[in-house]
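The values are calculated or read from the model by the stated rules, or taken from the named source; none is laboratory data. This one's a predicted model, so the numbers in the text were calculated from it and none came from an experiment. So basically every Cβ, Gly included, is an ideal-geometry build from the backbone, and we count neighbours across all protein chains shown. To get the accessible areas, we keep the full protein, side chains included, count just its heavy atoms, and leave off ligands, DNA and RNA. Shrake-Rupley method; radii C 1.70, N 1.55, O 1.52, S 1.80 Å.
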Amino acid sequence: QVQLVESGGGLVQAGGSLRLSCAASRSTFSITAMGWYRQAPGKQRELVATFIRGGTTNYADSVKGRFTISRDSAKNTVYLQMNSLKPEDTAVYYCAADIFGIRYWGKGTLVTVSS
């Protein structure tokens, strides 16, 4: 089991940047995949960016070139650097981690991008 705590959300103008952090309560060594999802009002939750064990990263097409996922294994933390933010990036951003076939979720952090 793992607890995930997100931080770094907030209100930003279009074109601005934010960095989200997700701190895991245990070593990320046993985590097979970890990353970020988002859910906008009235829409389904969607993948934003993830690390897969072995170093592979996946990004949603809508954020490629603007968002970067990174990690600090010593701090059991994953980051999402979001640049060139657009109003359509407004959503609750959730951290997720897969351990032995079970997906764990954080409570989410709200990102609001004003036009």
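In this Cβ point-charge picture (+1 for Lys and Arg, -1 for Asp and Glu), the range 28-78 has a dipole of about 80 debye about its Cα centre. Positive-end ranking of 57, 87, 3 along the dipole of the chain, with charges on Cβ about the Cα centre, is headed by 3. Overall, the accessible surface of the range 16-115 at a probe of 1.4 angstrom is composed of carbon and sulfur to the extent of 50 percent. Averaged over its residues, the range 5-95 has an accessible area of 51 Å² per residue, based on protein heavy atoms and a 1.4 Å probe.
The alpha carbon centroids of the range 65-115 and the range 1-40 are separated by 4 Å.
Between 111, 21, 32, the Cα set farthest toward the positive side of the dipole of the chain (charges on each charged residue's Cβ, about the Cα centre) is that of 32. Label zone (residue 74, point 7 Å along Cα-to-C-beta; backbone nitrogen cut-off 18 Å) within the range 1-45: 22-24, 26-29.
Qualifying trypsin sites (Lys or Arg not before Pro) in the range 49-111, where qualification requires a DSSP coil assignment and no more than 15 other C-beta atoms within 10 Å, comprise 53, 64, 66, 107. Between 89, 98, 72, the residue with the greatest mean-square fluctuation in the GNM of the chain (Cα pairs under 10 Å linked by springs) is 72.
Is there a quick way to get the dipole size of the chain? I mean about its Cα centre, with the Cβ of Lys and Arg at +1 and of Asp and Glu at -1; what is the value in debye to the nearest 20?
With Lys and Arg at +1 and Asp and Glu at -1, about 120 debye.
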